[in-house]
Amino acid sequence: MADRQNNHAKTSNAKASGSSANAYTINLESFSKRLKMLYSHWNEYKDDFWGSSEVIAIATPPPSEDLRYLKSSALNVWLVGYEFPDTIMVFMKKQIHFLCSQKKISLLEIVKKSAQDAVGVEVVMHAKAKNDDGTASMDAIFHAVRAQSRLDGLATPLVGYIAREAPEGNLLEKWDEKLKTANFQLNDVTNGFSDLFAVKDAAEITNVKKAAYLTSSVMKHFVVPKLEKVIDEEKKVSHSSLMDDTEKVILEPARIKVKLKADNVDICYPPIFQSGGEFDLKPSASSNNDNLFYDSTSVIICAIGSRYSSYCSNIARTFLIDANPVQSKAYEVLLKAHDAAIAALKPGNKAGDVYLAAFSVVEKEAPELVPNLTKSAGTGIGLEFRESGLSLNGKNDRMLKPGMVFNVSLGFQNLQSETKNPKTQKFSVLLADTVIISETAAEVVTSSSSKALKDVAYSFNEDEDEEEQQPKVKAKPSGSVPISSKATLRSVNHEVSKEELRRQHQAALARQKNEETARRLAGGGSVGTSRGAVKPSGELIAYKNVNDIPLPRDFMIQVDQKHEAILLPIYGNMVPFHIATVKSVSSQQDTSRTCYIRIIFNVPGAPFTPQDSSLLKFQEAIYVKEVSFHSKDPRHISEVVQLIKTLRRQVASRESEKAERATLVTQEKLQLSGAKFKPIRLSDSWIRPVFGGRGRKLPGTLEAHANGFRYGTSRTDERVDIMFGNIKHAFFQPAEKEMITLLHFHLHNHIMVGNKKTKDVQFYVEVMDVVQTIGGGKRSAYDPDEIEEEQRERDRKNKINMDFQNFVNRVNDLWGQPQFKAHDLEFDQPLRELGFHGVPHKSSAFIVPTSSCLVELIETPFVVITLNEIEIVNLERVGLGQKNFDMTIVFKDFKRDVMRIDSIPTSSLDGIKEWLDTTDLKYYESRLNLNWRQILKTITDDPEQFIEDGGWEFLNLEASDSDSENSQESDQGYIPSDVQSESASEDEKDDSESLVESEEDEEEDSEEGSEEDEGKTWEELEREASNADREKGNESDSEEDRKRRKMKAFGKARAPPDRRPNGTLQKKARFR
């Protein structure tokens, strides 16, 4: 390690001391710009940061084998682009003195004119011969210092230097000796250089980003796959060997396909790998020679840092193996605190605010972890790995500015976990990222290496009991492909079926799900937000004063559409009624051609009357319930009825829309794109839901602006704005077997499309026209016209898909900008190979999973189910030779109705199970449809009992089968289909309390929709059948006919119980 560092240090330092000065050039533009910055900062903050120094003397030590960071070396690189070891620089008001070897002077000669032009100073060179100690040159420099001091009227020169850097080598030791005996007043100027280097310019930011890209790429494409392979193959690899391998990859970026020059790359520190209970979260930590420890509940910490053109970057990640709840919670809290710290890196905030933001998250989420939190949230980073003065602790009052770069590093130290293995009882967790402060927010430049829990948590995929009973053997190497979710890291010594592996994973998920549900119920998290009531409308006023009532043309019913009222002739006066008070209106005509009109009003207490504030306000008043009029003019009556109905419908629609809009969440205003940034357009598309109105529907254009989408047609009132911040999910589904290509947005909050309130907005284009062939003749497959038409359709479909794809790609690029990182937006594409047919609403549809949702985007109403909102999935009517089964999705919000997808073909069962298992969703199977409203009500009413009874395990079909086998008599006899047992009849008595409803009951409810026939006795049914026979004159029917009718009536009244293949009654599922 030391040899490599030494060699690399020599190569780096040779840039300033090589044999040929022509091989190196100094960027004069950068030199002039930064020299101006140095003198400007020195003059402006002379008393604050520079100790009132009139002279600044910087001595850079000779090269060293150690990996170290010095302010003097940082100044060399920052000012002239190279490190000049064994060199002394003295900055004065009118002169700059360099004391170094002749070779370095030949390289520095070029800066003389630039320094004069930039700040009006003269550059004086002092060449040091090989055997010269430099005393004469030092005396000349001191003489110039004293001369300037006398001109400034100072008795004692004020000289600034870097106090923390000890002199090394003959030249610097001699300089230090003479400096301290020269009767100068010495002041430490370390803080001045720290503040000068804190804000990076564009070139420095570029170097930091390149370094960060290399660092995150090494972590993502080498370290993570390397760890996965080692653990998967159960290899014994030491921390130090992992360190060496990682260091080689950093120094050779081409090995991970990173196109950066290896000559400009170096490490910030030797990569750190820690596991096995021994953790040190300090940057000075090192990788020991112990083997990587990856047994269950173990923790692995990896930290790597790389430099590009001397600018540093850093990243640290923690990996959890079969994490227990304590470890998972610690990591989740750390993740939230780390994100809070990054979010606090904004211009205008104080450096101390960053740590306080992280501290408040920990204090709120897990106060017991506060003592274990690191005392700092990181430091500034750049030419130095730790920039002094920019520590992110709670006491730093330094103001944050755009261009500052920080290593945000946060962790929990020395946490305790109750495990059997001593190496996992003590653990730590650490996260670090390189962050650049921009004008508006913070940019995480190492974010390509994910720190999400699902990407750093791994599972052995086998129970602890199995691990004890079965010998461990090595699995076949699975390559170094990163694993999307929890990885399978071991296998057993015998061939295990997919079903067995799935069952093992589901058992682990069941335990995890029950623990999660118990925590949520204990914290009151099961109760969702109750649906808010619609705000009542204001008082109904037709006319504000009597003068507004129109003069009657005739003494007959009038409809005043302007004031939304009807005027009725009552006792010689025209009495106005607001149209909203009308409940219904009807007319009829008798045989004498007299027409009647009947108007019924909304009154308090009447059934199905809406609760209106104006009705409740005057409950004690006398109301007109209905009025009737007759007329000899049927045309007028018909016209009045039509006008009243039309006006009533318009007012009701408007009030409904107003009520809907009143519940909407206020959205931010759309910022239209300016001249520099043209909006991204998708033309000639259609929208669902469609705009209201009776006119012809028109296609429109979808545009992506600065902070949202806008869709509009040629009509000015047909416009919809969708803010990026309101988008929960975005989907792109190209047409394959469908007729449309579409973009679909599922929103956080409702918006209005026309007069419709919706959370789902879709934009689509039909890829082919619906054509009906005239004439019944079947066309030949070789018909040239048919072939040409098919080719046109394919070309049209491909063009539309390509237009949508280009739009999606450009929008994804827009969403990838730093200001949209918080929204975490990206177009998701359905995975058709995992799709299945089912009936989510009333019609059959093809339902397709995506990476984060389960969707159906063709038929309306649309289906968009977010996977992380799902509690469990219950597969119902599984088995017993059924051709179809149903899927019930239970959400984490128990106040939310379950989602049912009916009539899924049984052939899709295995595929659905596999998909649910790979997405870490716990599923159960049952032979019957369950009454979920009653189940969820039982859970929310008594959550403690639900937890005590084992949580969701009452749905475990295998457990219930074993219970029934133990309790059921094996010699139970056959029960005929026309005889009802006593136990069965007792069960029927409390059907209303049962948590199971049979399929026949559901069909009966949907077909007949009445409860009048339920629960009737045999005598009642027989009496009804006899009465019906007498009325129809069928009393002479045969005995068989009467029995048939009797059984038919019985079938309607009560569905027979399900039977097993052997004829025994199916045991009724109960909520235990």
Item to complete: Consider ILE301 carefully, then state whether it is under 30 Å from the mean Cα position of the chain (by Cα) and crowded, with 16+ Cβ neighbours inside 10 Å.
Response: yes
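Going by what's in this entry, would GLY169 be described as on the phi > 0 side of the Ramachandran plot and either of a type outside the set (A, V, I, L, M) or touching a helix residue (DSSP H, G or I) at 6+ places or on another chain (Cβ under 9 Å) (or both)?
Answer is yes for this residue.
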Worksheet item: Is there any pair with a first residue in region 628-654 that is among the hydrophobic types (A, V, I, L, M, F, W, C) and a second that is assigned to a helix (DSSP H, G or I) whose Cβ atoms are under 8 Å apart and which are 6 or more apart or on different chains, and what are they?
Response: ILE644/ILE579; LEU647/ILE579; VAL651/ILE579; VAL651/ALA580; ALA652/ALA580
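One line per residue, one yes/no per condition, for (1) surrounded by fewer than 24 Cβ atoms within 10 Å (Cβ to Cβ); (2) at pLDDT 90 or above; (3) not small (Gly, Ala, Ser):
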{"position": "LYS259", "(1), (2), (3)": "yes, no, yes"}
{"position": "GLN274", "(1), (2), (3)": "no, yes, yes"}
{"position": "PHE279", "(1), (2), (3)": "yes, yes, yes"}
{"position": "SER310", "(1), (2), (3)": "yes, yes, no"}
Fill in: Residue that is most open to solvent (accessible area, probe 1.4 Å) [pool: residues in region 506-547 that are at pLDDT below 75 and of a type in the set (Ser, Thr, Tyr)]
THR529
Discussion item. Please verify whether ASP48 is under 25 Å from PRO157 (Cα atoms) and open to solvent by 20 Å² or more (accessible area, probe 1.4 Å), treating the condition exactly as stated.
Written reply: yes
Discussion item. I'm trying to understand the selection: among the residues of region 200-222, which are among the aliphatic types (A, V, I, L, M) and surrounded by fewer than 18 Cβ atoms within 10 Å (Cβ to Cβ)?
Written reply: ALA202, ALA203
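Residues are listed down the side, and each one gets a yes or a no for (1) free of Cβ contacts under 8 Å to residues at least 60 places away in the same chain; (2) in contact with a His (Cβ under 7 Å, 6 or more places away or on another chain); (3) under 22 Å from GLY169 (Cα atoms):
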position	(1), (2), (3)
LYS113	yes, no, no
GLY120	yes, no, no
VAL124	yes, yes, no
ASN131	yes, no, yes
ALA140	yes, yes, yes
ARG146	yes, no, no
ARG150	yes, no, no
LEU154	no, no, no
Worksheet item: Does any residue of region 898-914 turn out to be without any contact (Cβ under 8 Å) to a residue 24 or more places away in the chain, among the small types (Gly, Ala, Ser) and at positive phi?
Response: no
Item to complete: Determine, yes or no, whether ASP397 is touching a Lys or Arg at 6+ places or on another chain (Cβ under 8 Å), open to solvent by 30 Å² or more (accessible area, probe 1.4 Å) and farther than 27 Å from TYR269 by Cα.
Response: yes
Worksheet item: Is there a residue being in a helix (DSSP H, G or I) and open to solvent by 40 Å² or more (accessible area, probe 1.4 Å) anywhere in region 412-424?
Response: yes
Worksheet item: What residue, among those in region 701-726 that are polar (S, T, N, Q) and not in a strand (DSSP E or B), is modelled with the lowest pLDDT?
Response: THR716
Worksheet item: Taking LYS562 and the conditions (1) outside any strand (DSSP E or B); (2) among the charged types (D, E, K, R); (3) open to solvent by less than 90 Å² (accessible area, probe 1.4 Å), which numbered condition does it fall short on, given that it satisfies the others?
Response: (3)
Discussion item. What pairs come out if I take residues in region 345-360 that are modelled with pLDDT of 90 or more and pair them with residues that are charged (D, E, K, R) and open to solvent by less than 60 Å² (accessible area, probe 1.4 Å) whose C-beta lies under 6 Å away, six or more apart or interchain?
Written reply: ALA351/ARG398
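Yes or no, residue by residue, for (1) part of a loop (DSSP other than H, G, I, E, B); (2) within 34 Å of the chain's Cα centre (by Cα); (3) among the charged types (D, E, K, R):
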| residue | (1), (2), (3) |
| --- | --- |
| VAL249 | no, yes, no |
| ALA254 | no, yes, no |
| LEU260 | yes, yes, no |
| ASP266 | no, no, yes |
| PHE273 | no, yes, no |
| GLY277 | yes, yes, no |
| LYS282 | yes, yes, yes |
Worksheet entry | Selection count where residues are open to solvent by 10 Å² or more (accessible area, probe 1.4 Å) and under 54 Å from the mean Cα position of the chain (by Cα), scope region 90-109 | 1
Discussion item. Against the condition in contact with a helix residue (DSSP H, G or I) (Cβ under 9 Å, 6 or more places away or on another chain), in contact (Cβ under 8 Å) with a residue 24 or more places away in the chain and outside any strand (DSSP E or B), how does TYR331 come out, does it pass?
Written reply: yes
Fill in: Residue satisfying all of: in region 808-835; more than 18 Å from HIS705 (Cβ to Cβ) and among the acidic types (Asp, Glu); least open to solvent (accessible area, probe 1.4 Å) among these
ASP828
Item to complete: Could you tell me which of the residues PHE709, PHE677 is aromatic (Phe, Trp, Tyr) and either on the phi > 0 side of the Ramachandran plot or open to solvent by 10 Å² or more (accessible area, probe 1.4 Å) (or both)?
Response: PHE677
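The values are calculated or read from the model by the stated rules, or taken from the named source; none is laboratory data. If you're wondering where the values come from, they're calculated on a predicted model, not measured in any experiment. As a convention, Cβ positions derive from the backbone with ideal geometry for all residues, glycine included, and neighbour counts pool all protein chains shown. Quick note on the areas: whole protein, heavy atoms, side chains included, nothing else; ligands and nucleic acids left out. Shrake-Rupley method; radii C 1.70, N 1.55, O 1.52, S 1.80 Å.
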